[in-house]
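Step one of this worksheet: look at the structure below.
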Amino acid sequence: MTFLESLAAGFGLVAQWESLFFLALGVAVGVFAGAIPGMSATMAVALTLPFTFALDPILGILLLLGVYKGGIFGGSIPAILIRTPGTPASSATALDGYPMAEQGHAGKALGMSLYASCIADFVSNIALIVFAGWLAQFAMNFGPPEFFTLIVFSLTIIAGVAGDSLTKGIISAVIGLLLATVGLDLIYGTNRFTFGNANLMGGLNFIAVLIGLFALPEIFAHVRLPRERDGKVRGLGHVGVTLDELKRCLKSIFRGSLIGVFLGSIPGIGAAPSAFLSYSEARRTSPRQANFGKGEIEGVAAAEAGNNGVAGATLIPLLSLGIPGDVITAIIIGAFMVHDLQPGPMLFQTHADIIYALFIGLIVSSVLLFLIGSLAIRGFRYVADIPPNLLAPSVLVLCIFGVYAVNNSAFDVGVMFAMGVLGYVVVLLRFPPAPFLIAFILGPLLENNFRQSLLMSQGAPEIFVRGPITWTFWTLTLLALAFIIRSTVANARFKRRLREESQRHGDRDSSSAD
Amino acid sequence: MLSRRDETLIGLGVMALAIFILAYMIPNWIVVPRNVRLIFLSPMFWPNILGWVLLVLGGLLTLRALLGTAPPEGQADSLAISRAEGLRLVVMTAMLVVIFFAIPVLGMVWTSMLAFVATVLLTGGKRMGLGVLVAVVLPLALYFFFSKVAGVSIPQGVFVRLP
């Protein structure tokens, strides 16, 4: 298929009312779920996933992408109105958004957040369209050894989602890799950790694992400490951003969008660092620097642009290489897999129509986000009134039905419960769950490409350094490791210095008290 | 950051898990065919590597906890769970086990309704009236979506069957 033929086929798929309906529904669900304090975009995408099985692949994937886009914007609504960020990345938005709300300009902050989100989202989608096809074309030259080295490099993304302790992040990933080995061995067809149970021969169901890991621990947390919402919802005030204000913020919005595109296309970095970097760059270069943190509208614009700029870019490694850029795209892989689609370079050859339909759908989603977001801003008060003690059981019921529906399997519901308990224990012990999920997805790819490579070379390990592509990935892996080790050591030193300082202060205080 | 004691125990726990995997799980629960030509291709190879990596990381975590700087007194995160919190968590876990076994008997819809009400009661029982209403409506709505729209056969149980 030529580019134009693919584009026309993609357009044919999107230009149906069902596609637009499911995309709009996804954006609405995402904005709604992102706006509920206690829900996150990740949980919203995970809970929507089972509802996509009954749909055509394109409709299901558009629905999920809509939830993803809507969820990221939706997180900024509670961040501004009640200083409870719906997503970690929205914390940067709260820095200036909440002070604006306190001054009675919540509507203005939300309006600017919406403009910045839509523009950044659009820029990010364009970047995706330009770079994904090019990268996929390049990846067509990859064989098993190249994919093995690429996945080894991708596993370094775990450092980006490991949280406070890199060691714990890697342990979490190793346990994910181990659980991915459950089921029939792909080369010999023998059992691995199936304990004689036929349900385990196909491995652990991916959806059950991810919903168990990301939704159930929230229920456990609520059951442990049932709390009422304590933030006070601020009034909206005048909703609307003047043209002058928008013009003044445009530079920060585009800078934030580009930061988002750059950081989003690198697996593992995610939206939060992008939002904070965009915010700090805006503060550094703004003539109204002193007003940042006290209710500066440019701060809201920069943070939201950085936050939403990653949304399209994280799909670049997903669609072109089959590598999830962050936890949400790791979940979106599930939607491809349940429809027997494997994201990666071959998808551009075998299902170019779906790829181009997604591209067009993503562009449309920016417009839908603007329309639905405008309504959501005004309707937030009703969303904020959802009682938390009814939210947790509702999520539980959604999880039960959703996971069962994947394979008509009650066994999967049991797997989800077990993963939920495990997920809560790992959270309690300060192990990050995201490396576990990413490793669980990449595990089978890593092992299969490793073994296929050795089958090809009759056991000669030189195959892993057979050409410039493998060398490039090994070099990138080593560079990434060097960077990770350097930043971990620097971080540890910084923490030690902080601790020593606080200890010194403590000693001084106690001696002066004596 | 957790206290030195907690981090040490976690490190030792990871090492114990690795030893359990290497010494018991892999030899007993991975079937290796006789005709494996290369050790790299054995179904045991990859899990063995991961088991050893886990052991090393557990050791690293333990060493770091023992030799590294501990958080100052009173500044470490606590793993302590109060009696009431622990009890609620145990009841919730037990409830998940009950739900799993109740689905084939009561059906998914009725089990979900009971699970919903039980969770509301477990977390204080506020807004019970609205809770009961949602407990009835939500599972029924999901039942109709999955069974009538998506064509999924939702377990009906042996007592009351839905259309």
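Summary of values
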{"read-out": "Average beta-carbon neighbours from other chains, 10 Å sphere, peptide A:182-190", "value": "4"}
{"read-out": "Degrees separating the helix B:128-144 axis from the principal Cα axis of chain B, which is the longest one", "value": "80"}
{"read-out": "Residue order, fewest to most surrounding Cβ atoms within 10 angstrom, among A:F464, A:F431", "value": "A:F464, A:F431"}
{"read-out": "Most to least packed among A:89-95, A:143-149, B:37-43, A:346-352 [average Cβ atoms within 10 Å]", "value": "A:89-95, A:143-149, A:346-352, B:37-43"}
{"read-out": "Net charge contributed by nearby residues that have their C-beta within less than 15 Å of A:L166 (K/R +1, D/E -1)", "value": "+4"}
{"read-out": "Rounded tilt (10° steps) of B:4-20 against the dominant C-alpha axis of chain B", "value": "90"}
{"read-out": "For residues of A:353-362, the mean tally of beta carbons on other chains within 10 Å", "value": "0"}
{"read-out": "Spatially near lysine pairs across the protein assembly as shown, Cα under 20 Å, sequence gap of 8 or more or different chains", "value": "7"}
{"read-out": "Counted charge near A:L390, where neighbours are those whose Cβ lies closer than 10 Å (Asp, Glu -1; Lys, Arg +1)", "value": "+2"}
{"read-out": "Taking A:D353, A:D340, A:D164, A:D56 and counting other C-beta atoms within 10 Å, the order from fewest to most", "value": "A:D340, A:D164, A:D56, A:D353"}
{"read-out": "Per-residue average of Cβ from other chains inside 10 Å of A:407-414", "value": "3"}
{"read-out": "Percentage relative contact order, the range A:58-196, counting C-alpha pairs under 8 Å, at least six apart", "value": "10"}
{"read-out": "With Cα atoms, 0 to 90° folded angle of helix B:45-67 axis to chain B main axis", "value": "80"}
{"read-out": "Among B:W29, B:W110, B:W52: highest mean-square fluctuation, GNM of chain B, C-alpha pairs under 10 Å", "value": "B:W29"}
{"read-out": "Under 5 Å, built H, 5+ apart or other chain: amide partners of B:L2", "value": "B:D77"}
{"read-out": "Likely footprinting exposure, A:S409, B:S112, fewest C-beta neighbours within 10 Å first", "value": "A:S409, B:S112"}
{"read-out": "Distant-in-sequence amide H partners of B:I30 (H built 1.01 Å from N, under 5 Å)", "value": "A:F193"}
{"read-out": "Three-way shape label, the protein assembly as shown, alpha-carbon gyration tensor, a/c 1.5", "value": "rounded"}
{"read-out": "The protein assembly as shown - charge dipole about Cα centre, Lys and Arg +1 at Cβ, Asp and Glu -1, debye rounded to 20", "value": "920"}
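Read-outs: derived from the displayed coordinates by stated rules, not from any lab. The structure presented is a predicted model; accordingly, all values stated were derived computationally and were not measured. With ideal geometry, Cβ positions are generated from the backbone for all residues, glycine too; neighbour counts draw on all protein chains shown.
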